[in-house]
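Data block below; observations after.
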Amino acid sequence: MVANLGAGRCDSPVSKWVLAIPCLKLYSLDLHKPALQDLAGKVFVAQRHIVKMGDVKETLSLLSPDLPDVVLMIDLLEHLTKEDGIALLQKLQSVAKRILVWLPLGICEQEEYDGNVFQRHLSTWTAEELESLGFEVEVYENFHLHFAPPVDAAWASWNS
């Protein structure tokens, strides 16, 4: 089972690929109802796509009795406080086989937009912090050109 946390609309260049993941069951969790309504209307390759509204900090109870094999966190971690982000990653590491995180690195302030208060960035992250949590990190320099100055991005992966 794959869990797509903070799924949003799956319309960014990176998140669009979630639509094509061939899996038996895909859960998409988000707190923003309009985004989930858009998401529910999209075509996914997954045999079964389940859209749930809820706080990702409660992921395990929202997915119960299923436990995720793979967890995707695409442009999510920066929307949590550092404390909540670390706690969520550690909780997921106790049950998942693989965690994939895509996020901006360093300072990249963002307020709410598109009527979505959850778009605010509440934390900043470094590759070293993610590595200290057991993740392998690949950095893409100056990836986010819409921030001034441009901000790096990273794939961080963890395997059990």
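The values are calculated or read from the model by the stated rules, or taken from the named source; none is laboratory data. Quick caveat, the model's predicted, so the values are computed rather than measured. Cβ coordinates were reconstructed from backbone atoms using ideal geometry, including for glycine residues, and neighbour counts include every protein chain displayed. Surface accessibility is based on the protein's heavy atoms, side chains included, excluding ligands, DNA and RNA. Shrake-Rupley method; radii C 1.70, N 1.55, O 1.52, S 1.80 Å.
Using only alpha carbon pairs under 8 Å that are at least six residues apart, calculate the relative contact order of region 1-123 and give it in whole percent.
Values: 220 pairs, mean separation 31.6, N = 123.
Rounded, it is 26 percent for region 1-123.
Using a cutoff of 8 angstrom between alpha carbon atoms and counting only pairs six or more residues apart, the relative contact order for region 82-160 works out to 36 percent. A simple spin-label model places pseudo-atoms 7 Å from Cα toward Cβ; at residue 66 and residue 42 they are separated by 1.6 nm.
Compute the FRET efficiency between residue 157 and residue 23 as 1/(1 + (r/R0)^6), taking r as their Cβ-Cβ distance and R0 = 22 Å, and round to the nearest 0.05. Mind dumping the intermediate values first?
Numbers: r = 17 Å, r/R0 = 0.77.
Between residue 157 and residue 23 the formula returns 0.80.
Structure remark: mean-square fluctuation, Gaussian network model of the chain, C-alpha springs under 10 Å; the largest value among 36, 72, 24 belongs to 24.
A 1.4 Å probe run over the protein chains yields, for region 20-124, 51 Å² of accessible area per residue, whole-number rounding. Result for the chain in a Gaussian network model with C-alpha springs under 10 Å: among 40, 127, 20, the largest mean-square fluctuation is at 20. Taking the Cα centre of the chain as reference, the dipole from Cβ charges on Lys and Arg (+1) and Asp and Glu (-1) amounts to some 820 debye. Straight-line cross-link reach from residue 52 at under 12 Å between alpha-carbon atoms covers these aspartates and glutamates, not counting any fewer than eight positions away in the same chain: 30.
Between residue 131 and residue 82, the FRET efficiency from the beta-carbon distance, with R0 = 22 Å, is close to 0.90. Residues considered: 104, 150, 65. Largest GNM mean-square fluctuation over the chain, using C-alpha springs under 10 Å, is found at 65. Candidate cross-link partners of residue 82 among the lysines, defined by an alpha-carbon separation under 20 Å and a same-chain spacing of 8 or more, comprise 57, 91.
Above 18 Å lies some portion of the pair distances; for the chain, what is it as a whole percent of all C-alpha pairs? Intermediate values should be presented prior to the final figure.
Values: 7222 of 12720 pairs.
Value for the chain (Cα pairs over 18 Å): 57 percent.
When region 1-133 is described by a simple charge dipole with +1 on each Lys and Arg Cβ and -1 on each Asp and Glu Cβ, the residue from 21, 132, 100 located farthest towards its positive end is 21.
Please report, as a whole percent, how much of the solvent-accessible surface of the chain comes from carbon and sulfur atoms (probe radius 1.4 Å). Show your work: numbers first, answer last.
Values: 4370 of 8230 Å².
Roughly 53 percent, rounded to a whole number.
Label zone (residue 55, point 7 Å along Cα-to-C-beta; backbone nitrogen cut-off 16 Å) within region 1-24: 6.
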